[in-house]
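Visitor: Handing you this structure, nothing more for now.
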Amino acid sequence: MSTSPQIALITGASRGIGAAIARRLARDGFAVAINYASNADQADALVAELTQAGVSAIAVQADVSRADQVQAMFTTIENKLGKIDVLVNNAGMLKTMPLAQTSDELYAQNFAINTQGVFNTLREAATRLNDGGRIINLSSTTLALNLPGYAIYNGTKAAVEAFTRVFAKELRGRHITVNAVAPGPVATDLFLNGKTEEQIQTFARMPPLERLGQPDDIAGVVAMLAGKDGAWVNGQVLRANGGVA
Ligand code: NAP
């Protein structure tokens, strides 16, 4: 007898870590909603790949920084797949710059996507996630490294970690866990763009495991928290970074 699959929404899943999480959760038996901001082609290609493999998958465009678009995204997923069980807040941006040179616009954009984007989906999830569900927010190990240029980005992720710990308690009675995964450097557009080969190699040598993380390294940790082995982990921040901090 077949049972209907649980449903996972992964924000920012058109590429990078989010796409790896979508592939992994699909392999673990979830139906997946692949959110993206503007890369419809990549999101559609991932849906086609997963559909070919027999998975229920849809692409949903929404700018997570916009509460109205996040509400509409939840409605679309509920109509097409059903109520969401697992929310992965992965969408994010990084633009490093000394704090003194950061414009008001860049400051606002960072917080709108990385912090308000998470707030918007969490607020929807409070009433719209199935009981027994899981929420996994992407933070960053940069919070522990305190490198110059990361003040604004770290500020956005510090807020995400704060949301994670408090929201886990606010969901008492719903049997929903809320955790964060904080990767170290991972070889995606977000990390690689704008860096010289020398800078990339410097980051790769930092962890005792002496390499950059790959999207699948992070997807495996998210899958653990989304699956039955993660059931007793709640309100935590799990660093996945090869031991860099
Ligand atoms: P990425 O390769 O740059 O991909 C970013 C994803 O987020 C894309 O799917 C993008 O969609 C989506 N996105 C961006 N703005 C959005 C918005 N306003 N609304 C909806 N989706 C939006 O990034 P990544 O490296 O995979 O990073 C994923 C997460 O991991 C981020 O939260 C990041 O801060 C965190 N992280 C990354 C690293 C690293 O080294 N890579 C380390 C620590 C933490 P489009 O394709 O449509 O633009």
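The values are calculated or read from the model by the stated rules, or taken from the named source; none is laboratory data. Computed from a predicted structure; not experimentally measured. Cβ placement follows ideal geometry from the backbone for every residue including glycine, while neighbour counts extend to all protein chains displayed. These accessible areas exclude ligands, DNA and RNA; they are computed on the full protein's heavy atoms, side chains included. Shrake-Rupley method; radii C 1.70, N 1.55, O 1.52, S 1.80 Å.
Visitor: What are the aspartates and glutamates whose alpha-carbon lies under 15 Å from the alpha-carbon of Lys195, with same-chain residues fewer than 8 places away excluded?
Guide: Cross-link targets: none qualify.
Visitor: Shifting gears a bit: Given a Förster radius of 30 Å and the C-beta distance between Thr76 and Ala53 as r, what FRET efficiency does 1/(1 + (r/R0)^6) yield to the nearest 0.05?
Guide: Taking R0 as 30 Å, the efficiency between Thr76 and Ala53 is 0.85.
Visitor: Cβ under 12 Å from Phe203's Cβ, Phe203 left aside: what net charge do those residues give with Lys, Arg +1 and Asp, Glu -1?
Guide: So the environment of Phe203 carries a net charge of 0.
Visitor: Between the alpha-carbon centers of the stretch 42-58 and the stretch 108-175, tell me the distance in whole angstrom.
Guide: 27 Å
Visitor: Sequence neighbours fewer than 8 away in the same chain don't count; with that in mind, list the lysines whose C-alpha is under 28 Å from Lys83.
Guide: Lys157, Lys169, Lys228
Visitor: Quick check for you: with a 1.4 Å probe and neighbouring chains kept, what is the accessible area per residue of the chain, in Å²?
Guide: Accessible area per residue, the chain: 48 Å².
Visitor: With a 1.4 Å probe and all protein chains left in place, how much of the accessible area of the stretch 7-240 comes from carbon and sulfur atoms, in whole percent?
Guide: Carbon and sulfur: 51 percent of the exposed surface of the stretch 7-240.
Visitor: Could you tell me the convex hull volume per residue, in Å³, taken over the Cα atoms of the chain?
Guide: With only Cα atoms used, the chain gives 128 Å³ per residue.
Visitor: I've got another one for you. With +1 on the Cβ of every Lys and Arg and -1 on the Cβ of every Asp and Glu, and nothing else charged, how large is the dipole of the chain about its Cα centre, in debye rounded to the nearest 20?
Guide: 600 debye
Visitor: Given points 7 Å out from each Cα along the Cα-Cβ axis, report the Ala40 to Asp216 separation in nanometres with one decimal.
Guide: That separation, rounded to one decimal, is 3.2 nm.
Visitor: Next question, about the same structure. Show that you can apply the helix-only estimate: for the chain, add -39,500 (n - 2.57) for every DSSP H stretch of four or more residues, divide by all residues, and state [θ] at 222 nm to the nearest 500.
Guide: Helix contribution divided over all residues of the chain: -13000 deg cm²/dmol.
Visitor: Filter the trypsin sites (Lys or Arg not before Pro) in the stretch 192-245 to those in DSSP coil with at most 15 other Cβ atoms within 10 Å of their Cβ, and list the result.
Guide: In loop regions of the stretch 192-245 (DSSP not H, G, I, E or B), the sparsely surrounded trypsin sites (Lys or Arg not before Pro) are Lys195, Arg211.
Visitor: Further question on the same structure: Using a Förster distance of 35 Å, how high is the FRET efficiency between Gln101 and Ala162, based on the Cβ-Cβ distance and rounded to 0.05?
Guide: Here the calculated transfer efficiency is 0.85.
Visitor: Using the charge dipole of the chain (Lys, Arg: +1 at Cβ; Asp, Glu: -1 at Cβ; taken about the Cα centre), state which of Val55, Ala72, Ala144 has its Cα farthest towards the positive end.
Guide: Checked the options; the winner is Ala144.
Visitor: Tally Lys and Arg at +1 and Asp and Glu at -1 over the other residues with C-beta under 14 Å from the C-beta of Ala40: what net charge comes out?
Guide: For residues surrounding Ala40, the net value is -2.
Visitor: How much length, in nm to one decimal, is gained on full extension between Arg27 and Lys169, taken as 0.36 nm per residue of separation minus their Cα-Cα distance?
Guide: Using 0.36 nm per residue and subtracting the Cα-Cα distance, I get 48.1 nm.
Visitor: Contact order normalised by length for the chain, with contacts defined as Cα pairs under 8 Å and 6 or more residues apart; what percent is it?
Guide: Relative CO of the chain lands at 20 percent.
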